[in-house]
Amino acid sequence: MQKSWRHRFHLPAVIGTIPMILVALGVFVIGIGFSVLWSFTSSKLFPTYDFVGLAQYRRLWADNRWLVSVNNIWFFGLMSITCNMVFGYLLAVFMDQRIRQEDLFRSIFLYPFAMSLIVTGLVWQWALDPNLGLQEALRNWGWSSFSFAPLVSAETALYALVVAGIWQGSGVTMAILLAGLRGIDEDIWKAARVDGIPTWRTHVSIVAPMMKGAFATAFVLQCVGVVRVYDLVIAMTGGGPGIATSMPAVYVIQLITVRQNVGQGMAGATMMLLPVLIVLAFSGILLWRRNRLREAGA
Amino acid sequence: MTVGPITAIQPPREAPDQAGVAPFGPKPRRISAGRIGIYAFLVVAALFFLIPVYIMIVTSLKGMPEIRLGHLFNPPGEPTFQPWADAWLHACTGRDCNGLSPGFYNSVKITLPSVIISIICASINGYALTFWPYKGANLLFGLLVFGAFVPYQVVIYPLIIGLSSVGLFASLPGIIIVHTIFGMPILTLLFRNFYAAIPVELFKAARVDGAGFWRIFFYIMLPMSVPITVVAVILQVTGIWNDFLFGIVFAGRSNWPMTVQLNNIVNTTTGVREYNVNMAATILTAAVPLLIYFISGRWFVRGIAAGAVKG
Amino acid sequence: MAQNGTSVSIQDLSLSFGVVTVLETLNLDVAEGEFIVLLGPSGCGKSTLLNCIAGLLDVSEGSIFIKGKNVTWEEPKDRGIGMVFQSYALYPQMTVEKNLSFGLRVAGTPKDEIAKRIARAAEILQIEPLLQRKPAALSGGQRQRVAIGRALVRDVDVFLFDEPLSNLDAKLRAELRVEIKLLHRKLQNTMIYVTHDQIEAMTLADRIAVMKGGVIQQLDAPQTIYNRPVNRFVAGFLGSPAMNFIDGQAETGATAAFKTGNVSIPLARYAFDAAGNSSGPCVFGIRPEHVALGEAANAMPFAIDAAVEIVEPMGSDTLVWTKLGGQNFSFRVEAEKTLRNGEPIRIGFDPARASLFDSQSGNRM
């Protein structure tokens with residue numbers, strides 16, 4: 001009993017983890033608490049404690065720019081996560097066919113991930129620039145009616161962001177899923193072959209369901225990236241044309257810095273936090289239930 | 001004993017004459033359509049990943065007149081490194097025309113201490129969480145992991161206020177603190193998982209020998225932590241070097257890192273857009289993490305995989 | 001048990017990965033209904049050979065016949081085989097029933113036929129209560145039974161087992177060993193069974209093929225392999241506690257004898273292999289249970305004085321270590337016998353039960 005007490009309050013361990021205590025409590029609890037608190041105030045450039053109830057939230061949801069941002073993040077998130085997963089999975093499956101030059105292909109698929117999203121944004125800004133990029137190049141090659149300038153039009157600029165996002169991130173999905181594929185017992189493949197199950201069927205019916213963990217990892221990584229998408233938008237479109245590619249992350253930063261409207265900015269930030277909290281709570285419950293089931297089964 | 005899911009590693013052999021010959025030896029393998037399809041897909045995918053950077057490299061080596069001709073894919077007619085020199089020394093951000101070099105040095109000044117401090121903190125955290133869990137430690141860890149998922153926008157403003165109140169906002173120490181904070185969740189997770197895989201008997205043996213918290217850490221755990229530290233360094237260097245948001249908010253104008261400078265050079269140029277200079281500047285900014293990527297090779301992949309194992 | 005006709009025939013089979021040769025010009029004929037065990041240390045090529053028979057590996061040379069049909073280029077599913085894996089390789093997200101039926105459903109077998117086969121397999125293996133469970137909810141032994149069931153429903157002629165019991169604990173292993181033997185008796189199918197466990201091999205096999213370095217060293221009935229091993233490797237690999245090996249010299253002439261130090265063992269009763277040498281440097285091998293002690297030793301054609309060095313009681317019997325010609329030598333006595341360290345004893349054996357191996361080639365003399 002006494003030993004366990006000493007173990008619990010071992011002083012050097014507490015001292016050694018002071019930074020962690022400060023960050024966990026100071027930043028991720030108190031900091032977020034203040035953000036939420038300020039979302040109920042009329043703070044402008046500096047925080048005040050003049051509480052105005054839900055007024056900031058009402059103004060937020062009345063702001064067309066915010067509504068567009070929210071729409072955009074859903075569209076962008078859905079598109080880019082789906083495309084990224086499908087493309088990443090295809091890459092992983094094709095990479096798993098005992099191909100030659102696997103390391104070379106892997107390096108090529110993965111290197112954009114090493115680059116800043118600012119760089120990615122600029123690269124694609126140029127590649128899609130009507131006067132400089134693909135459109136101009138193909139016209140110069142003699143296809144004079146070719147028209148491809150997604151960044152100029154409000155309808156298509158989001159797709160361009162999705163393409164850039166895939167370019168930067170699908171290599172990682174590929175790497176994670178490939179590791180998942182390689183982690184599957186070789187005997188499973190053999191058993192399926194002896195059973196006479198076609199390769200594609202083995203993938204769909206047996207192997208893919210076995211890779212739940214890898215898929216979940218890739219998915220979570222994608223989601224975190226989507227919610228935080230800021231650099232890419234700034235570098236590639238600056239939120240434009242107009243406000244066509246504005247995102248909540250961009251919107252909030254603009255409110256805090258340029259438009260000096262902290263109260264409403266914090267309301268936006270709180271709205272960004274909400275889905276994360278819901279998903280975390282949901283997965284927490286799932287995890288807890290699974291653990292209980294496992295204990296019950298054992 | 002290694003059996004592929006689809007085919008063995010043997011190179012395809014010459015098929016024996018089919019006419020009336022009993023099957024003998026390896027199954028004759030035609031270069032199947034499927035095989036061609038696989039390589040076609042991979043090559044097209046590779047082109048998708050390579051072309052944008054190819055364009056950047058060739059354009060950065062061209063003069064402006066040649067660029068205006070619009071032959072995007074053509075290699076430079078008269079290669080020139082002038083755009084690279086301009087990008088490094090003379091490119092303008094607003095009124096200043098000192099090129100990217102100040103940004104480069106700022107990035108170095110930000111990245112080095114941030115990487116070192118964040119890794120020291122995280123390794124101690126991981127060690128303490130694994131071997132000396134005090135009451136509430138796991139709750140703290142849970143909060144930290146939660147922090148890995150939180151949108152930065154929720155935390156940025158309180159941090160601005162907090163750092164301002166101690167006079168560190170818009171300063172080098174300020175940005176270093178911010179990077180340490182936001183690196184901590186993932187790095188702590190990384191180190192905790194690493195230490196959790198170490199046999200606990202090692203720790204017990206050291207305790208029986210009378211070693212305490214710090215002695216065990218410095219003499220036993222730290223020397224064993226080289227591989228995970230390499231992964232952490234790769235993760236942090238690329239992450240911090242590539243950061244834009246924290247740099248622009250917390251570093252202050254005089255400490256703006258390379259990414260911020262790059263964005264300013266490219267996206268705020270008035271007058272004629274010097275594409276060649278801009279692209280050279282972009283390549284220069286990407287150079288450090290790319291260098292790390294190509295040197296570290298498989299370690300980089302391991303870093304991603306390790307960083308991805310959340311929960 | 002073996003009936004007429006050849007079930008599986010392997011002819012001049014070779015397999016190499018690049019420069020590494022895993023199997024070398026290997027020939028093996030398995031009779032219909034026979035239980036063959038491929039036995040050897042890890043890396044000897046036994047699993048590779050099984051994978052070649054299954055069609056999971058392409059061979060480099062040679063051909064494979066199953067039921068008289070050349071299947072060298074056939075897909076595994078068309079070879080008439082079922083296979084059981086060491087890791088069970090059950091499809092984790094499917095119930096036991098789905099696991100058993102998946103291959104049949106993909107092949108388009110009629111529903112009632114599938115149901116019939118599953119019912120039969122489940123009855124034979126006594127897994128009826130488990131049909132709606134998922135593999136994660138099964139014990140190791142139950143999983144292995146389901147894995148066997150998956151081979152069973154394929155209604156095939158040849159069963160291939162790839163170390164099926166290696167992942168189980170000792171007690172369960174012994175139980176399932178008996179079950180597999182009963183299963184073979186009931187089904188009368190050809191079975192090819194890979195293992196590194198000599199007890200499994202001895203108890204299950206009609207014939208054992210001992211493998212090393214991609215080559216079959218000896219293919220014979222278990223008793224023959226145990227009593228007349230063709231080389232020193234086979235002699236040492238089978239038997240626990242292991243055979244005693246004594247280095248020395250075989251001498252022919254008026255009285256053939258094996259000499260080591262100042263000990264001379266007469267070889268008059270030893271049946272020399274017709275093909276091997278009969279003199280020169282060699283190794284004398286005798287199993288611990290073939291050594292007699294005390295009065296019984298004096299009745300043997302060869303007996304000698306020795307002293308007890310170490311006594312290892314094993315419960316059912318006791319292993320005693322001593323020296324013979326200055327080399328370590330062990331023998332078995334019944335557990336009731338009490339011997340003290342250093343106690344002088346007399347030991348003896350019949351050289352007819354020994355094995356002599358050429359020092360150079362390791363082959364039986």
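The values are calculated or read from the model by the stated rules, or taken from the named source; none is laboratory data. None of these values were measured; they are calculated from a predicted model. Here the Cβ is made from the backbone with ideal geometry for all residues, glycine too, and neighbour counts use every protein chain on show.
Some notes on this structure:
- Among the residues here, C:Val153 qualifies as farther than 25 Å from C:Gly45 by Cα, within 14 Å of chain A (Cβ to nearest Cβ) and β-branched (Val, Ile, Thr).
- Taking the stretch B:72-93 as the range and being within 23 Å of A:Asp129 (Cα to Cα) and either touching a Ser or Thr at 6+ places or on another chain (Cβ under 9 Å) or charged (D, E, K, R) (or both) as the test, the residues that pass are B:Leu72, B:Pro76, B:Pro83, B:Trp84, B:Asp86, B:Ala87, B:Ala91, B:Cys92, B:Thr93.
- On the stretch given as the stretch B:197-227, residues that are in a helix (DSSP H, G or I) and over 26 Å from B:Ile240 (Cβ atoms) total 15.
- Of all residues assigned to the stretch C:91-100, at least one qualifies as being among the hydrophobic types (A, V, I, L, M, F, W, C), touching a residue at least 40 places away in the same chain (Cβ under 8 Å) and assigned to a helix (DSSP H, G or I).
- Among helices (runs of 4 or more DSSP H) entirely within the stretch A:97-180, having at least 3 residues that are surrounded by fewer than 16 Cβ atoms within 10 Å (Cβ to Cβ) singles out A:102-110.
- When the strands (runs of 3 or more DSSP E) confined to the stretch C:193-258 are screened for residues that are modelled with pLDDT under 90, those reaching at least 2 such residues are found at C:244-251.
- Checked against the criteria, A:Asp195 counts as in contact with a Phe, Trp or Tyr (Cβ under 9 Å, 6 or more places away or on another chain), acidic (Asp, Glu), buried (at least 17 other Cβ atoms within 10 Å of the Cβ) and at negative phi.
- Filtering the stretch A:75-87 for residues that are touching a Gly at 6+ places or on another chain (Cβ under 7 Å), within 14 Å of chain B (Cβ to nearest Cβ) and either modelled with pLDDT under 90 or not in a helix (DSSP H, G or I) (or both) leaves an empty set.
- Subset of the stretch A:110-169 [at the interface with another protein chain (Cβ under 7 Å from one of its Cβ atoms) and of a type in the set (Ser, Thr, Tyr)]: A:Tyr111, A:Ser116
- Hits in the stretch B:47-64 (condition: in a helix (DSSP H, G or I) and more than 8 Å from chain A (Cβ to nearest Cβ)): B:Leu47, B:Tyr54, B:Ile57, B:Val58, B:Ser60, B:Met64
- Residues in the stretch A:231-245 that are touching a residue at least 60 places away in the same chain (Cβ under 8 Å) and outside any helix (DSSP H, G or I) were compared, and the one that is nearest to A:Leu117 (Cα to Cα) is A:Thr237.
- Qualifying residue in the stretch C:34-52 (condition: assigned by TED's automatic domain parsing to the domain that holds C:Pro135 and more than 18 Å from the chain's Cα centre (by Cα)): yes
- Exactly one residue out of B:Val288, B:Val231 is crowded, with 18+ Cβ neighbours inside 10 Å, part of a helix (DSSP H, G or I) and either more than 10 Å from chain A (Cβ to nearest Cβ) or more than 16 Å from the chain's Cα centre (by Cα) (or both), and it is B:Val231.
- Residue within the stretch B:132-144 that is in the same structural domain as B:Pro185 (by TED's automatic domain parsing), under 22 Å from the mean Cα position of the chain (by Cα) and closer than 30 Å to A:Val262 by Cβ present: yes
- Subset of the stretch A:91-107 [within 7 Å of another protein chain (Cβ to nearest Cβ), without any contact (Cβ under 8 Å) to a residue 40 or more places away in the chain and not polar (S, T, N, Q)]: A:Phe94, A:Arg98, A:Ile99, A:Phe105
- Top-ranked residue of the stretch B:105-119 - restricted to ones that are crowded, with 16+ Cβ neighbours inside 10 Å and closer than 18 Å to B:Leu189 by Cα, ranked as farthest from the other protein chains (Cβ to nearest Cβ): B:Val115
- Filter result (among the acidic types (Asp, Glu) and surrounded by fewer than 24 Cβ atoms within 10 Å (Cβ to Cβ)) within the stretch B:234-275: B:Glu274
- Residue count for the stretch C:32-61 satisfying the condition of being touching a helix residue (DSSP H, G or I) at 6+ places or on another chain (Cβ under 9 Å) and either in a strand (DSSP E or B) or within 25 Å of C:Ala201 (Cβ to Cβ) (or both): 13.
- The combined condition, being surrounded by 17 or more Cβ atoms within 10 Å (Cβ to Cβ), in a strand (DSSP E or B), among the polar types (S, T, N, Q) and more than 9 Å from every other protein chain (Cβ to nearest Cβ), is not fulfilled by C:Ser14.
- When C:Ala274, C:Ala296 are screened for being part of a helix (DSSP H, G or I) and in the same structural domain as C:Phe245 (by TED's automatic domain parsing), only C:Ala296 passes.
- The single condition among (1) surrounded by fewer than 16 Cβ atoms within 10 Å (Cβ to Cβ); (2) over 29 Å from the mean Cα position of the chain (by Cα); (3) in a helix (DSSP H, G or I) that B:Ile67 does not meet is (1).
- When residues of the stretch B:251-287 are limited to those that are over 28 Å from B:Leu159 (Cα atoms) and of a type in the set (D, E, K, R), the one modelled with the lowest pLDDT: B:Arg273
Yes/no matrix, rows are residues, columns are (1) farther than 27 Å from B:Ala87 by Cα; (2) touching a Lys or Arg at 6+ places or on another chain (Cβ under 8 Å):
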site: B:Tyr195; (1), (2): yes, no
site: B:Val208; (1), (2): yes, no
site: B:Ile216; (1), (2): yes, yes
site: B:Val237; (1), (2): no, no
site: B:Ile240; (1), (2): no, no
site: B:Val266; (1), (2): no, no
site: B:Ile295; (1), (2): no, no
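- Among the candidates C:Ile304, C:Ile265, the residue that is farther than 18 Å from C:Ala235 by Cα and either touching a helix residue (DSSP H, G or I) at 6+ places or on another chain (Cβ under 7 Å) or not in a strand (DSSP E or B) (or both) is uniquely C:Ile265.
- Of residues in the stretch A:178-234 being within 14 Å of chain C (Cβ to nearest Cβ) and aromatic (Phe, Trp, Tyr), the one farthest from B:Leu262 (Cα to Cα): A:Trp189
- The lone exception for C:Asp78 - which of (1) away from chain A (no Cβ under 13 Å); (2) under 15 Å from B:Pro23 (Cα atoms) it fails: (1)
- Any chance B:Thr80 is closer than 25 Å to B:Met258 by Cβ and surrounded by 16 or more Cβ atoms within 10 Å (Cβ to Cβ): no
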